[in-house]
Structures are given as C-alpha cells and as structure tokens.
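Student: I'd like to ask you about the structure that follows.
The values are calculated or read from the model by the stated rules, or taken from the named source; none is laboratory data. In this text the structure is predicted, and so the values were computed from the model without any measurement. Quick reminder, even Gly has a Cβ in these numbers, built from the backbone with ideal geometry, and neighbours come from all protein chains shown.
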Amino acid sequence: MKFLSTVCLFLFIQFTSLAETATDSTKKEIQFATTALITNNGISVVPIFTLGKPATIINFTVGRKFTFEPEFRVSLEGKPWSFIYWFRYKLAKTSKFTWSIGAHPAIIFKTIPVTINGNNEQVLRAQRFVAAEMAQNYRFNKHVNLGFYYLVGAGSVENKTKPTNLLTLRGGYNNVDLGKGFIAGVNSQLIYLFTNGEEGSYVNASVTLTHKQSPVTLSYFYNKPINTSITGGKDPVWNVAATYAFNKMFSMK
C-alpha cells in the first residue's frame, strides 16, 4: 500500500504540472457516446457489488468538458444489478494527458431471502450509495499509457456501512497492429481497496481484440487477490465480454 501510494503521489505531482499547460481539445464539440457490453460474469472491483452472473452493461456519455454518464447494469435474466449516474468534469485534456474528477449517486440491487406469511421468498432490495473519483492518465505514445485512479464512497445510506476507498495504479500497451486490420491491447491494474472495515490488494489484467472496421471489441479480464481480508473478494475472478461502441462528436458554432 505504501509503495502504491508513493507512486500515485509522484504521478499526481507530475501530472498536475502537465495540467497547467494543457489545452482543452473539446472546446467546440459536444460528445455523444454509448457502449453496450455483454459478459458471462458481472464483476465489480468492490466484491460486495459483484453480480456473479451473465449480465449486460449499457453506458451513455453526453457533454463536453462537463459530462453526464449514466450506466445501467442488468442481469441477462432481466433483473437490475445497479444504476450509476456519473457526473464528470475534465480538468485538462490534450492528446497525451487527461485529468478528470467525478461524482455519482447509485442504486445497487441485491436479491435477498425473506419469509412472508410463512413462505420463503426472494425479494429485490435497493440500496443507495454515493461516491466521488479522480483520474489522471498520461499517454507516452500511441501504445503506452500510465495513470492512477482514486475513488471514495460514502457507503450505503440505508445500512450505514463504512466508507470505501479505492486506489489504482494503471498501465497499458494498446493499439498493437496484428495485421489484416486487427488491433490488440493489454492493460493491467494494481489495486488497494478498503471497504466496510476490510482491506485488500489485487492485481488484474485485461486483453482486448478488435478490428479497425468493427464497432465490437472482444475482451478477457482476470483479477487475482494479492493479500485480502475482504468478504467475497478472496478468490480469483474472470470474465469474457463483447462491447459495442458508438461515438459521435457534434460541432458547436
């Protein structure tokens, strides 16, 4: 944890100095984007929010420097998993450097067993959460990027759970030309997580594959605990997913 915090603090200082000279490349454009993902295993970096079943995740992005990015997660059975309403602001953006902050209210759904009139039934319970984030990323060239991410959550409004702190060091090697139009990428994260009074560290990696003429990306994700006491987060998890992406920039006069 000390090593991860030191590295992230160093990156924050370096990236903040870059932000002083960063220019806004979205000044005269409004973005509308959407992604739709289907996966065999709904995973969350916070284990208590993991679905553990096939799911779909639909995300929208609307805005310019300030964006609204709602995210709807639903199991393939049709039951809601979570609804997250992100509001994000780009403090700086260039071709190499991005720095953003954000916050969201969220509703997390859990199926719990209850006894009603002597009968055992399953009911869907909704819990409200709020969280804030900060993300910085630097792209050294078209292949290599490095950054960090910090998220703090206030916990469940209903259950008065303890706050969550998530600190991530990220790196990636992307835009690898495999020939015949196919593009691959590899990304990895070193994570420290403190949630509901428990803590743990994790490392994960993802591999992506797409084609220049296709809006669909295939991916494989694997997350392995390093040292953790977090309930439900002690086993390695993985999933495969297919993501459809649409992105359109509208010019403003």
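Student: SER214 is checked against (1) within 20 Å of the chain's Cα centre (by Cα); (2) over 27 Å from GLY102 (Cα atoms); (3) among the small types (Gly, Ala, Ser); (4) not in a strand (DSSP E or B) and fails just one. What number does that condition carry?
Tutor: Evaluating SER214 over (1) within 20 Å of the chain's Cα centre (by Cα); (2) over 27 Å from GLY102 (Cα atoms); (3) among the small types (Gly, Ala, Ser); (4) not in a strand (DSSP E or B) leaves (1) as the failure.
Student: Out of the residues in the range 62-115 that are of a type in the set (S, T, N, Q) and without any contact (Cβ under 8 Å) to a residue 60 or more places away in the chain, which is nearest to PHE246 (Cα to Cα)?
Tutor: Filtering the range 62-115 for residues that are of a type in the set (S, T, N, Q) and without any contact (Cβ under 8 Å) to a residue 60 or more places away in the chain, the one nearest to PHE246 (Cα to Cα) comes out as THR67.
Student: While we're on this one: THR115: β-branched (Val, Ile, Thr), on the phi < 0 side of the Ramachandran plot, crowded, with 16+ Cβ neighbours inside 10 Å and touching an Asp or Glu at 6+ places or on another chain (Cβ under 9 Å), yes or no?
Tutor: No; evaluated as a whole, the condition is false for this residue.
Student: GLU121: of a type in the set (Asp, Glu) and either closer than 27 Å to TRP238 by Cα or touching a helix residue (DSSP H, G or I) at 6+ places or on another chain (Cβ under 6 Å) (or both), yes or no?
Tutor: In short, no.
For (1) modelled with pLDDT of 95 or more; (2) surrounded by 18 or more Cβ atoms within 10 Å (Cβ to Cβ); (3) farther than 24 Å from TYR138 by Cα; (4) not hydrophobic (A, V, I, L, M, F, W, C), each residue gets a yes or a no:
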{"position": "ASN174", "(1), (2), (3), (4)": "yes, no, no, yes"}
{"position": "GLY179", "(1), (2), (3), (4)": "yes, no, yes, yes"}
{"position": "ILE183", "(1), (2), (3), (4)": "yes, no, no, no"}
{"position": "ASN187", "(1), (2), (3), (4)": "yes, no, no, yes"}
{"position": "TYR192", "(1), (2), (3), (4)": "yes, yes, no, yes"}
{"position": "GLU198", "(1), (2), (3), (4)": "no, no, yes, yes"}
{"position": "ASN204", "(1), (2), (3), (4)": "yes, yes, no, yes"}
{"position": "SER219", "(1), (2), (3), (4)": "yes, yes, no, yes"}
{"position": "ASN223", "(1), (2), (3), (4)": "yes, yes, no, yes"}
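Student: Name the residue that is nearest to ARG170 (Cα to Cα), counting only residues in the range 66-102 that are surrounded by 15 or more Cβ atoms within 10 Å (Cβ to Cβ) and of a type in the set (Gly, Ala, Ser).
Tutor: SER100
Student: Tell me, yes or no, whether the range 220-234 has at least one residue that is free of Cβ contacts under 8 Å to residues at least 40 places away in the same chain and either outside any strand (DSSP E or B) or closer than 30 Å to PHE87 by Cβ (or both).
Tutor: Within the range 220-234, one or more residues are free of Cβ contacts under 8 Å to residues at least 40 places away in the same chain and either outside any strand (DSSP E or B) or closer than 30 Å to PHE87 by Cβ (or both).
Student: Filter the range 113-138 down to the residues that are at pLDDT 90 or above and over 24 Å from VAL46 (Cβ atoms) and list them by number.
Tutor: TYR138, the sole residue that qualifies.
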